[in-house]
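Quick notes on the structure that follows.
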Amino acid sequence: MQLITNYRLTRLALSVSCLASLGVAPAVAQSTDEANQSYPRLVEQNIKSKLSFISEGDRRLGLGSNGETKSNEAGLDIKPEWVWQLSPHWRSKLRLQAFGATGQVDVSDEIGGTTTDGFFALREAWLDYNGLSDYPGESIRFGRERLKENSGIWWDDDITLTRWIFNTSLLDATVGVAQKFAELRTDTNELQGYEQDIARMFVHTRWQWRKGHYLGFLATHGQGYGSQADEYAARGQTLDDSFTDSLTWTAIQADRSYFDWHSHDAFQYFASVAAVNGTDTVIGTDPSAPSGFSDRERDVSGWAADLGARAQLLDTPRWVVGAHGAVASGGGGPGESDAFRQTSLESNRSRFTGTRSQVQRFGEAIQPEWTNLKVFTLYTALSDRDTWDANLLYHRYWLSDENGTVRSDLVEPGFTGSSDDLGQSVDLVLGYYGDSASTSWAAFDVRFRGGVFMPGDAYGDDADARHRVVVDVSKRV
């Protein structure tokens, strides 16, 4: 097993080195032959360094039989990136990452819910061709890219893809295919079993039908083609999650410049209604099977909605108040699930409070997945739009189905099954953004993200509150 692990790490290191060498080649060509040609040329280069201090309360909320799981750690994150113009129509990007921490910390705000003490990673490596038409905002892109949409509820992850991009002042659209082959990290290169062998197709359109008002449509299809479920069942292993068989997500969205922190609108809104349909595979007990477990197909039909509104009370500095109501279905029966589930590419982090800061949509200290969940959110934010902002949020949680559960990378459930009251949380997010063009101390960015989760009756009377505080000091050079 150790030889296999070493082989995988060596293979990943060689892959990253080769890609980095390919990426450096245009820069070398530029430096040695710059006088004779305009291409290729380096058009953007920067290194973002971030020092973080992370404090987390007990993930078991004082209910665990194996003791507490809390930590106070520090981490250093370095991300270099380069963008080259290879020719009039070809462009490329390479983005790497090196991360190290004093102990095991959660990096869910960056990568998607993994605990680690350090790694090297390939984040992005893609080529873009914009010679398909005369539209300056049209291109085709292929490689590994950060696929992201504004809300962060659907896509915000690094993935290998091929996609067509069309971006104009009135219409923003993309359509493509994608698949996760590996994490491309030295600490955990292999995907989790339920993420392996899933081919994805996706489409997203956003049309500005009136100045500042947008209508959008999003669809994602995941088609599983592996045999992980059979292998897990044969080994007698169970899994809290399910294996994707054939699932399709669709969503209709409407907003009024809701994610634009430069907006001066007195009133803004966001609305999203979504559904997931198809089949997945779960593992359950089966006395007739040699291992005692077998896999079975299950029909999936879930829905979700997220509605929010924001009012601007002052323009300079900008002071807003807003509220959101989000619900994701739960429940089901033998052979079927009525619970909504997300695409597994989401981060649930976006600028939904109207400021420059990326804020966790469902709470910094709990960060639940959007499934079998009802959330009411009330927030206020103050900012000058560019340099600083302050965000204060309150969240109230309920289970959609009292007999179901809610998954979280930060909190272990431990439900008593006696109530749908999950609890409440309060978040404070502060941000200062220095002038990136300056070489003075003002060029540093400082961010504070703090949250406290107070468990409700679903956890019983003995559950303790949990905190999560992250302080980041970063600089881009």
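Provide a single number: the residues in segment 234-265 that are open to solvent by 60 Å² or more (accessible area, probe 1.4 Å), modelled with pLDDT of 95 or more and within 26 Å of Gln192 (Cα to Cα).
Final tally of qualifying residues: 0.
Search segment 377-418 for residues being open to solvent by 20 Å² or more (accessible area, probe 1.4 Å) and touching an Asp or Glu at 6+ places or on another chain (Cβ under 6 Å), and hand back the single one that is nearest to Asp241 (Cα to Cα).
Here the answer is Arg407.
So is Asp106 of a type in the set (Asp, Glu), farther than 26 Å from Ala271 by Cβ and open to solvent by 30 Å² or more (accessible area, probe 1.4 Å) or not?
No.
Any idea which of Thr32, Thr115 is at pLDDT below 90, farther than 30 Å from Asp457 by Cα and surrounded by fewer than 19 Cβ atoms within 10 Å (Cβ to Cβ)?
None of the other options fit; the residue is Thr32.
So in segment 206-220, with the set limited to residues that are of a type outside the set (A, V, I, L, M) and crowded, with 17+ Cβ neighbours inside 10 Å, which one is farthest from Phe270 (Cα to Cα)?
Thr220
Just checking, which of Leu127, Leu96, Leu132 is closer than 16 Å to Glu183 by Cα and either modelled with pLDDT of 95 or more or surrounded by fewer than 20 Cβ atoms within 10 Å (Cβ to Cβ) (or both)?
Values: Leu127 fails: closer than 16 Å to Glu183 by Cα; Leu132 fails: closer than 16 Å to Glu183 by Cα.
None of the other options fit; the residue is Leu96.
From the list Ser337, Ser294, which residue is at pLDDT below 95, polar (S, T, N, Q), in contact with a strand residue (DSSP E or B) (Cβ under 8 Å, 6 or more places away or on another chain) and surrounded by fewer than 19 Cβ atoms within 10 Å (Cβ to Cβ)?
After applying the criteria, what remains is Ser294.
Which residues, taken from segment 412-426, are out of contact with any helix residue (DSSP H, G or I) (no Cβ under 9 Å at 6 or more places or on another chain) and of a type outside the set (Gly, Ala, Ser)?
Glu412, Gln424, Val426 - these are the residues of segment 412-426 that are out of contact with any helix residue (DSSP H, G or I) (no Cβ under 9 Å at 6 or more places or on another chain) and of a type outside the set (Gly, Ala, Ser).
Pick out the one residue from Val300, Val321 that is crowded, with 17+ Cβ neighbours inside 10 Å and of a type in the set (Val, Ile, Thr).
None of the other options fit; the residue is Val300.
The values are calculated or read from the model by the stated rules, or taken from the named source; none is laboratory data. Computed from a predicted structure; not experimentally measured. For neighbour counting, all protein chains shown are included, and Cβ atoms are generated from backbone atoms with ideal geometry for every residue, glycine included. Areas reflect the complete protein model, heavy atoms only, side chains present, ligands, DNA and RNA absent. Shrake-Rupley method; radii C 1.70, N 1.55, O 1.52, S 1.80 Å.
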